[in-house]
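The values are calculated or read from the model by the stated rules, or taken from the named source; none is laboratory data. Just so we're clear, the structure is a prediction, and the values are computed from it rather than from any experiment. A quick note on method: Cβ atoms are made from the backbone with ideal geometry, for glycine too, and the neighbour counts reach across all protein chains shown.
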Amino acid sequence: MIRLTREQWKAEAERRYGPQARNWRFRCPSRGYVQSGEDFLALVMTAEEAVARFAFSCIGRWMPECQEAFTGGPGPCDYAGGGLIRIAPVCVVTEGEEVFCFDFADGPLGETREPAPAEGD
C-alpha cells in the first residue's frame, strides 16, 4: 500500500499527465482496465462527479457492458475502491480521512517513488 497526502497525489498526477484532471489515467486493480477523467465526462457526468469517481471506481459501474470484478479478461467492471475487498493500492490521506484509489495507468507509484510516511510517523 502506498500512502500519499492529497497534495502529493495531485502533484504526481500533474507530473505524469498535466494539470487537467480529465487527462489523468488510472488502472482498475481488479481487471486492469485503464480509464481517464475524460472517459467519465463522456458518460455525461458533471466534472465534480467525474473527479469524485475516476480514481476510485471502475467506469464499468456506469456502463451497460459492465463485467463483474475479479472475473477474467480485460474490460470495465463494477469494482470500487471503498468496497469490502480493498485491493486499490494507493491510500490518499486528506484531513485525516483515507481514500483508497487506483494506481496510475502508466506505471505503479511503487516503481517511481518512495511511499509517504504515515501521519504521525
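Looking at the range 61-77, can you tell me whether even one residue there is in a helix (DSSP H, G or I) and more than 15 Å from Val99 (Cα to Cα)? Full working, then the answer.
Going through the range 61-77, the residues in a helix (DSSP H, G or I) turn out to be 61-62.
From what's left, more than 15 Å from Val99 (Cα to Cα): 61-62.
Taking every residue of the range 61-77 in turn, at least one turns out to be in a helix (DSSP H, G or I) and more than 15 Å from Val99 (Cα to Cα).
For the range 55-69, name all the residues that are in contact with a helix residue (DSSP H, G or I) (Cβ under 6 Å, 6 or more places away or on another chain) and closer than 24 Å to Pro108 by Cα. Spell out the reasoning first.
Pass one, the range 55-69, residues in contact with a helix residue (DSSP H, G or I) (Cβ under 6 Å, 6 or more places away or on another chain): 59, 66.
Of everything in the range 55-69, just one residue is in contact with a helix residue (DSSP H, G or I) (Cβ under 6 Å, 6 or more places away or on another chain) and closer than 24 Å to Pro108 by Cα, namely Ile59.
Just the residues that are modelled with pLDDT of 90 or more, in a helix (DSSP H, G or I) and out of contact with any Gly (no Cβ under 9 Å at 6 or more places or on another chain), please, taken from the range 31-60.
Gly37, Glu38, Asp39, Phe40, Leu41, Ile59
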